[in-house]
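*Asks:* First the structure, which I've put down as structure tokens, then a few questions once you've had a look.
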Amino acid sequence: MTHPVERPILAGRFQVLARLDRGSVAEVYLADDLVLGRPVVVKTLLPMVEPGSPMHDRFHHEARMLAEIEHPHVIGLVCDAVDQDNLRFFVMEHAAHGSLRFLESPEAERDPLQIGTWSLQVCSALDTIHRLGIIHRDVKPGNVLIHADGSARLADFGISHDPRVQLTQAGDSLYSPLFSAPEQAADPREATARSDLYSLGATLFWALTRRSPLALLAGETRGESLEAVPAPLRDAVAHSTAFRPENRFVDALEMHASLEIGLADMRRAEA
């Protein structure tokens, strides 16, 4: 849902059209790139966030991470962080079809092959960022965006952990309870690459079944919940969402392989 706003032109190039979302420290806007004639997304830091504060530093580091990560399934950076008239912002590519949250609608069609393909693409993105040492810490339906070409993009690195950069602990208490691994919910600082895999598995489970991922944590109902997942993708969901991190996939490559096998089985069944 968009909200009409005043239409300033930022950096002499990006004309704001509407507000897409507002969080505790930032707002996200749809804008028009007047140079290239295409829609983009502008993320702005709220004026209340003081320069030099933890959230200010994280905001600028998010832009730097997006500039560094080159992957077809990570949302792309168009313009690095800019300070203009006390407004701090950066610009990202626009995902024309929104996020996986469109599946919340009872009318939305759930195509297991398509959902599995999007999960495979996000898993590939996680493999790349994990190799850089980055833990996303907020993989969920709202942060999986669908590009105009129909492929998935992993977005929102606002609370990601990057061990290569010394940032304060602000933001470490933030997480999405429904999709976070148990160890991350207990202490966000304990999140690891396997925690991201749990979140991807929980997202896949939700997208396929419309059931709350919390059902996967209840031992007495976990088996029944997994039965609702199409058989070819059941291993990927079950293995990635094991309660203990050591019982999950070793890394994103292993989860990627499980998803590939499942998708191949689905394609053969449809042939």
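*Asks:* Looking at (1) at pLDDT 95 or above; (2) surrounded by 14 or more Cβ atoms within 10 Å (Cβ to Cβ), can you tell me which one GLU246 breaks?
*Replies:* It is condition (2) that GLU246 fails.
*Asks:* Answer yes or no as to whether ALA108 is assigned to a helix (DSSP H, G or I), exposed (fewer than 15 other Cβ atoms within 10 Å of the Cβ) and modelled with pLDDT of 90 or more.
*Replies:* Details: assigned to a helix (DSSP H, G or I): no; exposed (fewer than 15 other Cβ atoms within 10 Å of the Cβ): yes; modelled with pLDDT of 90 or more: yes.
No.
*Asks:* Considering only the stretch 139-182, state which residues are of a type in the set (Asp, Glu) and at pLDDT below 95.
*Replies:* Residues of the stretch 139-182 that are of a type in the set (Asp, Glu), as a first pass: 149, 156, 162, 172.
Within the stretch 139-182, ASP156, ASP162, ASP172 qualify.
*Asks:* From ALA67, ALA125, grab the single residue that is at pLDDT 95 or above and touching a strand residue (DSSP E or B) at 6+ places or on another chain (Cβ under 8 Å). Let's see the steps before the verdict.
*Replies:* Details: ALA67 fails: at pLDDT 95 or above.
Answer to the selection: ALA125.
*Asks:* Name the single residue, out of those in the stretch 91-105 being assigned to a helix (DSSP H, G or I) and of a type in the set (D, E, K, R), that is surrounded by the most Cβ atoms within 10 Å (Cβ to Cβ). Spell out how you get there, then give the answer.
*Replies:* Residues of the stretch 91-105 assigned to a helix (DSSP H, G or I): 100-104.
With of a type in the set (D, E, K, R) added as a condition, the list becomes 101, 104.
Numbers: ARG101: 15, GLU104: 13.
Among them, the one singled out is ARG101.
*Asks:* Same structure, new question: Give me the pairs: first residue in the stretch 131-144 and polar (S, T, N, Q), second residue assigned to a loop (DSSP other than H, G, I, E, B), beta-carbon distance under 6 Å, and six or more apart or on different chains, which are they?
*Replies:* Filtered contacts from the stretch 131-144: ASN143/ALA155; ASN143/ASP156.
*Asks:* Quick one: count up the residues across the stretch 215-229 that are at pLDDT 95 or above and within 12 Å of PHE243 (Cα to Cα).
*Replies:* 0
*Asks:* Would you pick out the residues in the stretch 181-237 that are more than 21 Å from the chain's Cα centre (by Cα) and of a type in the set (Lys, Arg)?
*Replies:* ARG222, ARG234, listed by residue number.
So that you can scan it fast, the table gives a plain yes or no per residue for (1) among the aliphatic types (A, V, I, L, M); (2) assigned to a strand (DSSP E or B):
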| site | (1), (2) |
| --- | --- |
| ASP80 | no, yes |
| ASP83 | no, yes |
| PHE89 | no, yes |
| CYS123 | no, no |
| LEU145 | yes, yes |
| ASP149 | no, no |
| PHE157 | no, no |
| PRO163 | no, no |
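*Asks:* Would you check if there is a residue in the stretch 50-70 being part of a helix (DSSP H, G or I), surrounded by 14 or more Cβ atoms within 10 Å (Cβ to Cβ) and aromatic (Phe, Trp, Tyr)?
*Replies:* Yes, the stretch 50-70 contains a residue that is part of a helix (DSSP H, G or I), surrounded by 14 or more Cβ atoms within 10 Å (Cβ to Cβ) and aromatic (Phe, Trp, Tyr).
The values are calculated or read from the model by the stated rules, or taken from the named source; none is laboratory data. Small disclaimer: the values here were computed from a predicted structure and weren't measured. Counting neighbours? That spans all protein chains shown, and the Cβs are built from the backbone with ideal geometry, glycine included.
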